[in-house]
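Please see the structure below; I have some questions.
The values are calculated or read from the model by the stated rules, or taken from the named source; none is laboratory data. Since we're looking at a predicted model, the values are computed, not measured. When we count neighbours, we look across all protein chains shown, and the Cβ atoms used for this are built from the backbone with ideal geometry, even at glycine.
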Amino acid sequence: MLQLTPWPEHFSASIRVPGDKSITHRGILMSALANGVMELTDWLDAADTRASLGLVQAIGVEVLEDRPGLLRLKRSGELREPLGPIDCGNSGTTMRLGAGLLNGVAGLSVLIGDESLSRRPMARVADPLRELGGVIFTRSSGTAPLAIVGGRLRGGHVRLAIASAQVKSACLLAGLTAEEPVSVRELLATRDHTERMIHAMGGQITVRGLEATVQPGRLEAIAFSVPGDPSSAAFWAAMAALRPGRRVVIEKVLLSPARTGFFRVLANAGATVELVEEGTVPESWGHIVVTGNTLKAVQIDAQDVPAMVDEVPLVALLATQAQGMSEIRGAEELRVKESDRIRVTTHILETFGAAVQERPDGWRIEGATPLTGGMVEAAQDHRMAMLAAVASTVTTGPVSLSGEESVAISYPEFFRQFLAVKGA
Ligand SMILES: O=C(O)C1=C[C@@H](OP(=O)(O)O)[C@@H](O)[C@H](O)C1
Ligand SMILES: C=C(OP(=O)(O)O)C(=O)O
């Protein structure tokens, strides 16, 4: 249990956040489909990406170097059938992208996960892979464990019924080892790191609007530096935006438009937000400066969600400090993340005294309301733990937070940095 005491009204900080989780996962997983040595500098070393590392090691990828700041991986020979079940831990990305990748491994692969991951929907990935000819089983509830009989995928065309970069990516990775090309049509544009990385690694991929088509073929390994994760940067940006007179600079962050929706919402709410591009490899990256001003209410709907899906709970927190009625709709996907993030966010914000009306797909939130503090639980969800910590920077009283160790999933150094910035 962590005791978080109230913060000063104003502060100014410069922060470096860990490497992007989505890009690190893809770099690790795609090393299994490549010739040569894959080299990731500034990779995210956290529990979720370690699950992906375990997965590729189980099928024959060799770790040449694994140290802070540098990961070097090489596929040795043909991919081999894993000896036992592969534990994806808490990581949906490992399980779903892994389900696609393992179609290219002859034999049986079984994917298991922790209690939270074992509750999350996997039929969404098993169904389209089956449509492409894959042989894949889930429990009758459509959840993990997953069993994949590899080497059978034909290829073809699938149309996805939900907006999910993980499901799209699973189909594209499966397509690289299929007999025929795979085309995936998505519902709304989601993060396109997989498409970009296939292209950068010499794969044949075309993207037209919402449809991506990949040709089967081996990739070539690449070396690149992973920019900071905008979903981790969002916690610092929110802390600054919550009060006039606060300012943060976040260095070397991924600025891909498919990931920066939250920063656009901050600007619409009245914060001063600058995204300054400094490079374009492996994708646009640069620094972000956020200065707090008086906030006004925001309106979010389904179209806005994919570019900020993991940041939506922070929008709810901001709405409690914004003048007027904010409405967040079309975010029902949050209910099937590591926790039911709509319910847990409501619980945290209500405990602190906010005026929150929960809906099936989001919230109506009336602001601005003073937040008191109190005792909250992160529901073993890293993003809920960090949400509560960000909220504690504007509460009048202390916050007791349990489940704070969950930050090891995506941002192990979060609380160390948080206390350092506060000067505690
Ligand atoms: O593709 C990815 O790397 C991710 C996609 C999103 O999930 P969905 O595909 O379920 O929307 C996101 O919530 C997750 O943290 C990472
Ligand atoms: C939803 C998340 O990750 P995953 O789906 O990979 O567990 C997240 O990091 O917020």
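What's the total number of residues in the stretch 91-120 that are among the aliphatic types (A, V, I, L, M), buried (at least 24 other Cβ atoms within 10 Å of the Cβ) and assigned to a strand (DSSP E or B)?
Number satisfying all stated conditions: 1.
Could I ask something else about it? Do the conditions hold for E211, that is, is it more than 19 Å from L102 (Cα to Cα), without any contact (Cβ under 8 Å) to a residue 40 or more places away in the chain, assigned by TED's automatic domain parsing to the domain that holds A46 and buried (at least 17 other Cβ atoms within 10 Å of the Cβ)?
no
Kindly evaluate V336 against the criterion of being within 19 Å of the chain's Cα centre (by Cα) and surrounded by fewer than 23 Cβ atoms within 10 Å (Cβ to Cβ).
Answer is yes for this residue.
Still on this structure: Whether any residue in the stretch 38-45 is aliphatic (A, V, I, L, M), assigned by TED's automatic domain parsing to the domain that holds L101, within 16 Å of ligand 1 (Cβ to nearest atom) and in a loop (DSSP other than H, G, I, E, B) is what I want to check. Give the steps one after another, and end with the answer.
The first filter runs over the stretch 38-45 and keeps only residues aliphatic (A, V, I, L, M), leaving 38, 40, 44.
Restricting the remaining residues to those that are assigned by TED's automatic domain parsing to the domain that holds L101 gives 38, 40, 44.
After this cut, where a residue has to be within 16 Å of ligand 1 (Cβ to nearest atom) as well, the list is 40, 44.
Applying the additional criterion that residues be in a loop (DSSP other than H, G, I, E, B) yields 44.
Yes, the stretch 38-45 has at least one match.
Yes/no per residue for (1) within 15 Å of ligand 2 (Cβ to nearest atom); (2) touching a residue at least 60 places away in the same chain (Cβ under 8 Å):
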| site | (1), (2) |
| --- | --- |
| E350 | no, no |
| A355 | no, no |
| D361 | no, no |
| E366 | no, no |
| A378 | yes, no |
| V399 | no, yes |
| P412 | yes, yes |
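Follow-up question, since we're still on this one. Suppose the filter is within 16 Å of ligand 2 (Cβ to nearest atom) and either more than 17 Å from A32 (Cα to Cα) or at pLDDT 95 or above (or both); does I205 pass it?
On the way: within 16 Å of ligand 2 (Cβ to nearest atom): no; either more than 17 Å from A32 (Cα to Cα) or at pLDDT 95 or above (or both): yes.
Criteria not met by I205.
Which residues, counting only those in the stretch 346-367, are assigned to a loop (DSSP other than H, G, I, E, B) and surrounded by fewer than 20 Cβ atoms within 10 Å (Cβ to Cβ)?
Residues satisfying the conditions are G353, P360, D361.
Just to verify a result, which residue in the stretch 156-201, among those that are within 22 Å of the chain's Cα centre (by Cα) and assigned to a strand (DSSP E or B), is nearest to ligand 2 (Cβ to nearest atom)?
Taking the candidates together, the pick is V184.
Moving to a separate point now. Kindly check whether there is at least one residue in the stretch 296-307 that is touching a residue at least 24 places away in the same chain (Cβ under 8 Å), small (G, A, S), buried (at least 17 other Cβ atoms within 10 Å of the Cβ) and within 16 Å of ligand 1 (Cβ to nearest atom).
Step one: filter the stretch 296-307 for residues touching a residue at least 24 places away in the same chain (Cβ under 8 Å), giving 296-307.
Remaining after also requiring small (G, A, S): 297, 302, 307.
From the residues that got through so far, the ones that are buried (at least 17 other Cβ atoms within 10 Å of the Cβ) too are 297, 307.
Retained after the next criterion (residues that are within 16 Å of ligand 1 (Cβ to nearest atom)): 307.
Yes - at least one qualifying residue is present in the stretch 296-307.
For V290, indicate whether it is free of Cβ contacts under 8 Å to residues at least 60 places away in the same chain, touching a helix residue (DSSP H, G or I) at 6+ places or on another chain (Cβ under 7 Å), outside the structural domain of G89 (by TED's automatic domain parsing) and under 18 Å from I250 (Cα atoms).
yes
Give L101, L97 a once-over and let me know the one that is touching a helix residue (DSSP H, G or I) at 6+ places or on another chain (Cβ under 7 Å), closer than 14 Å to L173 by Cβ and within 13 Å of ligand 2 (Cβ to nearest atom).
On the way: L101 fails: within 13 Å of ligand 2 (Cβ to nearest atom).
Going through L101, L97 in turn, just one is touching a helix residue (DSSP H, G or I) at 6+ places or on another chain (Cβ under 7 Å), closer than 14 Å to L173 by Cβ and within 13 Å of ligand 2 (Cβ to nearest atom): L97.
Which of the following residues is within 22 Å of S109 (Cα to Cα), in contact with a strand residue (DSSP E or B) (Cβ under 7 Å, 6 or more places away or on another chain) and surrounded by fewer than 17 Cβ atoms within 10 Å (Cβ to Cβ): R159, R185, R139, R152?
Only one candidate passes the filter, namely R152.
Among (1) among the β-branched types (V, I, T); (2) closer than 24 Å to P306 by Cβ; (3) crowded, with 21+ Cβ neighbours inside 10 Å, which single condition is V248 missing?
Result: V248 passes all but (2).
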